[in-house]
Amino acid sequence: MDETPQQVLTRAARARGVALSALSRMLGRNQAYLGQFVNRGTPRVLPERERRMLADFLSIDEAALGAPAPVSEEVAVPWLTVTAAAGTGRVADERLIRTEPLPRAALRAAGIAAGDASLIGVTGDSMAPALRDGDRLLIDRAARRIGARDAIYVLRRGEAVMVKRLALHGDTIEIRSDNPLWPVEHVAAAEIEVIGRARLLLRRL
């Protein structure tokens with residue numbers, strides 16, 4: 001069974017031959033400070049500066065004294081088997097096939113919470129030149145509300161999944177492609193399901 005920070009501190013202090021009261025004074029605290037931490041759980045967590053000082057003095061890992069685990073700089077973003085067609089649509093199959101590590105900072109800059117991010121591939125040319133066949137989109141699955149100002153979304157229409165510009169016009173949704181060869185459509189909101197908004201384009205040079 002793993003030791004608690006209190007047990008680690010007690011054992012390390014005993015091994016070093018130093019009293020908790022002396023360690024408390026080293027921290028600039030009253031001599032009962034660490035005794036209260038060990039016996040009463042007050043404070044519940046040692047402040048970072050004090051953890052570091054104790055860990056250095058006692059030659060132990062700061063994590064053993066309750067330091068939080070470091071946050072990974074990368075997020076494993078799920079990659080779905082479905083491709084969003086920049087055209088008439090591809091039959092949906094949203095099984096997770098793998099994850100791809102992306103910098104946490106990139107998701108933060110795009111305004112996407114780590115748990116709401118997904119990657120999806122693009123096929124077809126209806127969204128050219130903005131999107132090309134083979135592009136990848138980082139989508140925000142929490143951003144499903146369509147506004148009056150158009151934005152690029154991944155949507156499901158019937159059994160097909162596609163990527164289009166969507167805008168709300170009264171009671172209808174305008175579905176628009178960037179490629180002028182594709183017609184503009186207006187449909188009832190109930191006819192589509194928004195999977196998420198495209199936030200970031202990932203393209204190989």
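The values are calculated or read from the model by the stated rules, or taken from the named source; none is laboratory data. Quick caveat: nothing in here was measured; it's all calculated off a predicted structure. Every residue, glycine as well, gets a Cβ built from its backbone with ideal geometry; the counts of neighbours run over all protein chains shown.
On the given criteria, is Ala142 of a type outside the set (S, T, N, Q) and assigned to a loop (DSSP other than H, G, I, E, B)? Taking the combined requirement at face value, the residue satisfies it. For the range 168-205, a residue qualifies if it is touching a Leu at 6+ places or on another chain (Cβ under 9 Å), farther than 16 Å from Val122 by Cβ and small (Gly, Ala, Ser), and exactly one does: Ala189. Among the residues of this structure, Arg165 does not count as one that is outside any strand (DSSP E or B) and within 18 Å of Ile120 (Cα to Cα). May I ask you to list the residues in the range 115-139 that are charged (D, E, K, R) and not in a loop (DSSP other than H, G, I, E, B)? Matches in the range 115-139: Asp116, Arg136. Of the candidates Leu107, Leu168, Leu138, the single residue that is at pLDDT 90 or above and more than 18 Å from Leu202 (Cβ to Cβ) is Leu168. Taking the condition within 30 Å of Glu73 (Cα to Cα) and buried (at least 16 other Cβ atoms within 10 Å of the Cβ), does Ile152 pass? Here the answer is yes, as Ile152 does meet what is asked.
Of everything in the range 174-196 that is closer than 25 Å to Ala113 by Cβ and β-branched (Val, Ile, Thr), the residue that is nearest to the chain's Cα centre (by Cα) is Ile195.
Pairing each residue of the range 44-60 that is over 13 Å from Ser24 (Cβ atoms) and not assigned by TED's automatic domain parsing to the domain that holds Gly17 with any residue that is buried (at least 19 other Cβ atoms within 10 Å of the Cβ) and not charged (D, E, K, R), provided the two are 6+ apart or on different chains, yields no C-beta distance under 9 Å. Out of all the residues in the range 126-142, is one or more of a type in the set (Val, Ile, Thr), under 28 Å from the mean Cα position of the chain (by Cα) and within 28 Å of Ala113 (Cβ to Cβ)? Scanning the range 126-142 turns up at least one residue that is of a type in the set (Val, Ile, Thr), under 28 Å from the mean Cα position of the chain (by Cα) and within 28 Å of Ala113 (Cβ to Cβ). Each residue in the range 21-73 was checked for being in a helix (DSSP H, G or I), loosely packed, with under 13 Cβ neighbours inside 10 Å and in contact with a Lys or Arg (Cβ under 8 Å, 6 or more places away or on another chain), and 0 of them qualify.
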